[in-house]
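To start, the structure itself, in structure tokens.
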Amino acid sequence: MRSHAYGSDAWHIHAESDGKMKRNWLKKATAALVCVATAAAVGIGLTAPAYANAADTQITISAPQGDRPGTSDLNVNMFDGRSFTAYKLADYTNVQVSDRNVTAMDYKLDTPLTNAMVDGWIAKALDQFPKTDVATVSNGTVTFKGDAAAMSPMTFVANYFYGTGADIYGNTCVNSNAMRIFAEAAQKSLTAPGVTATTAPVTVNNDSAVVDASQSGQGLYLIVDTTEGLNNQIPARAMITGTPVTVNGQTYMQFEGSNATYTLGSIKLKAEQVVNTIADTSAQKETLVTNQSQRTFQITANIPNYAAYDNWSSPTYSVTITPSGNVKLDSKYTVEVQPAGFPTWSTLPDSNYSLVSPAGAATGSLTVQFSSAAMKTSTLSGVTVRIIVNGTVQNVTTTPTFVAAQATFSNDQSDANSTGTAEEASLGLFNTVIPVKKIAYNAGATSAALTGAQFSVTSGTTTVKFTESTLNGKPYYQVDPNGTLSTFTVGDGYIAGLGANTNNSTTYTITEKVAPTGYVLDGRHDITFKVTVTPNYTNDVLTSVTYKRDNGIYGNFLDTTPSKMTRDDGQTVNLESRTTVNNRYTNTQLESEMIHVKNTKNPSDFAQTGGHIVQVLIAMLIVAIVGAILLIVARMRRRNNTDRTQIA
């Protein structure tokens, strides 16, 4: 209820002559319209007229583009999975235009709305969140005063509960909580038994939503987010706005108020999405890893603009960094902050955050909890935070090897226990793996492995050190700068971690130093071959690794079938795809084909089919060439002697 008689529904902006009562009334209305509604439009009356274009009856809801450097203040692409209901509140009547702009209009309540019903919605909202300059509420009765004294309930709504394109976080003229209560009260009335409210369908696209009022007609609409299970975003606040206005066949898209001009049929989504990212900022970023590889992880996340929500008293926000079990995070970390609209970062005083271990947190994870009080001020409201922490790879036996980050935050101001989570960001750390198997000289690839063979690996003049572990029940030798093993011993096993910590190709010489018991090596030369590991990049991002092998003179002692690694372009192994569950890689071990190294019990195999066959052939060729030269010289000498005899 209201305590005074309703005045005209006219929403006039134009000026009248001085001294007239009408002008005084309009002057008050003009002052109230400094916060003018993004008014929408429908033709006069209850029956919607035909419209020339679809856009004439549409309201486009789009993601706001704010001041956050490099992105938006409210991260965009927030419409996937959302749903909306658009309730029609009123038609436009008595529309006045000037210079292609709407300057004034009246409102005709849509069926089944009544002035008393709308009064009740306003009273509920302003009873808890007063707007005493234009209205008071006593015992459920609202009284308009000041600039709003002569307004009807719907004119008051259009002036003080509207939303505009420039109004990113909420409603400029009424606080967000009052808008929420108003919308809840309106929905309860419009969905009550026996009430048939007029609604317009809403189509949701990837980056926007469109209200189609072609059947319900131009006018003022209440748009409510009806999404269930929303997780990584703040639920959208209710929005009151309207379609364009058609007058005499001409559609108007602009409303020109006393101090501002707004686009009709357009509004920004009153919601925020939380997005977190993770990157490796070390000098070795995007390189392969092995034991003791060190990396610097930088996690970035945006904090919602909680200060814009008046009743959000104690919001919570934390960022959890979770490594795989083979990565150890340092105990020291740095937290920096970047206010919206500023390109620079500064260290956040530690009084604004703390390190916590929430229930269920993974062992080795790190969770930074931010201050609720600071998030209600410019210190942390609407800012981007950055956490920097170092980590060390403890082994490359585990797969996948990764560090992940995820923000958890309050997402409902009316429910202190309601939280959402941003989509997890994950950084994979990749390592090479080369299977090696020892087999008898004439055996096949599936034959039993020979045990006890020892190999050394060198890169240039440096002997590669290893740490031994197991994988799939087989010996697994990992490159380790602190390792104590200068050889690896396998019958059937792996060497891992070659090519780590560099974005350049690395060539390794692998030499069999000790043969399995009962087998012999070439007494003149060890069986030696080379493997070159090359990381491949696209736009500075690791995409694959190429293995290329040079068998040297021992090709017959390697492999049982043609090898991909010995081709001109080698064998390229691509990074495996990420999972759709948590955005982590399924496997971070880039495994090559198996290298089969043969051993023989018969030393003559080296001369017959081994590496020295090439040397024998070369020696025979040299002997043949020398013999040919000597034969030619001998013939020339005989010819010269014959010539001298004939002369004599």
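The values are calculated or read from the model by the stated rules, or taken from the named source; none is laboratory data. Quick caveat, the model's predicted, so the values are computed rather than measured. Positions of Cβ are generated from backbone atoms using ideal geometry, with glycine treated the same way; all protein chains shown enter the neighbour counts. Ligands, DNA and RNA are stripped out before the accessible areas are found, and what is left, the full protein with its side chains, is counted by its heavy atoms. Shrake-Rupley method; radii C 1.70, N 1.55, O 1.52, S 1.80 Å.
A few remarks follow.
- The stretch 279-320: number of residues that are charged (D, E, K, R) and under 25 Å from S414 (Cβ atoms): 1
- Residue list for the stretch 125-136, filter: touching a helix residue (DSSP H, G or I) at 6+ places or on another chain (Cβ under 6 Å) and either under 30 Å from T251 (Cα atoms) or buried (at least 20 other Cβ atoms within 10 Å of the Cβ) (or both): A125, V134, A135
- Checking each residue in the stretch 79-116 for being assigned to a loop (DSSP other than H, G, I, E, B) and surrounded by fewer than 19 Cβ atoms within 10 Å (Cβ to Cβ) picks out D80, G81, S83, D99, R100, T111, P112, T114.
- Contact annotation: residue pairs with Cβ atoms under 8 Å, 6 or more positions apart or on different chains, pairing a residue in the stretch 490-519 that is touching a residue at least 12 places away in the same chain (Cβ under 8 Å) and more than 13 Å from I439 (Cα to Cα) with a partner that is charged (D, E, K, R) and assigned to a strand (DSSP E or B), are Y494/K474; T507/K530; Y508/K530; T509/K530; I510/K530.
- Among the residues making up the stretch 353-372, those that are at pLDDT below 95 and in a loop (DSSP other than H, G, I, E, B) are S357, P358, A359, G360, A361, A362, T363, G364, S365.
- Checking D415 against (1) open to solvent by less than 10 Å² (accessible area, probe 1.4 Å); (2) out of contact with any strand residue (DSSP E or B) (no Cβ under 9 Å at 6 or more places or on another chain); (3) not hydrophobic (A, V, I, L, M, F, W, C), the condition it does not meet: (1)
- Residues of the stretch 330-352 that are open to solvent by less than 20 Å² (accessible area, probe 1.4 Å) and modelled with pLDDT of 95 or more: V335, V337, L348.
- Of all residues making up the stretch 405-422, the number that are outside any strand (DSSP E or B), more than 18 Å from I321 (Cα to Cα) and in contact (Cβ under 8 Å) with a residue 40 or more places away in the chain: 5
- Long-range neighbours under 7 Å by Cβ, at least six apart or interchain, first residue of a type in the set (K, R) within the stretch 242-262, second at pLDDT 70 or above: none
- Listed by position, the strands (runs of 3 or more DSSP E) inside the stretch 170-289 whose residues that are modelled with pLDDT of 90 or more and of a type in the set (S, T, Y) number at least 1 are 202-204, 220-225, 245-247, 250-252, 276-280.
- Residues being touching a residue at least 12 places away in the same chain (Cβ under 8 Å) and open to solvent by 30 Å² or more (accessible area, probe 1.4 Å) - total across the stretch 268-295: 9
- The residues in the stretch 411-463 that are more than 30 Å from T277 (Cα to Cα) and under 38 Å from the mean Cα position of the chain (by Cα) can be counted, and the count is 2.
- Top-ranked residue in the stretch 460-482 [being out of contact with any Ser or Thr (no Cβ under 6 Å at 6 or more places or on another chain) and of a type in the set (G, A, S); ranked as farthest from E591 (Cα to Cα)]: G460
- If the condition is being within 16 Å of M117 (Cβ to Cβ), small (G, A, S) and in a loop (DSSP other than H, G, I, E, B), then the stretch 130-163 contributes G140, S152.
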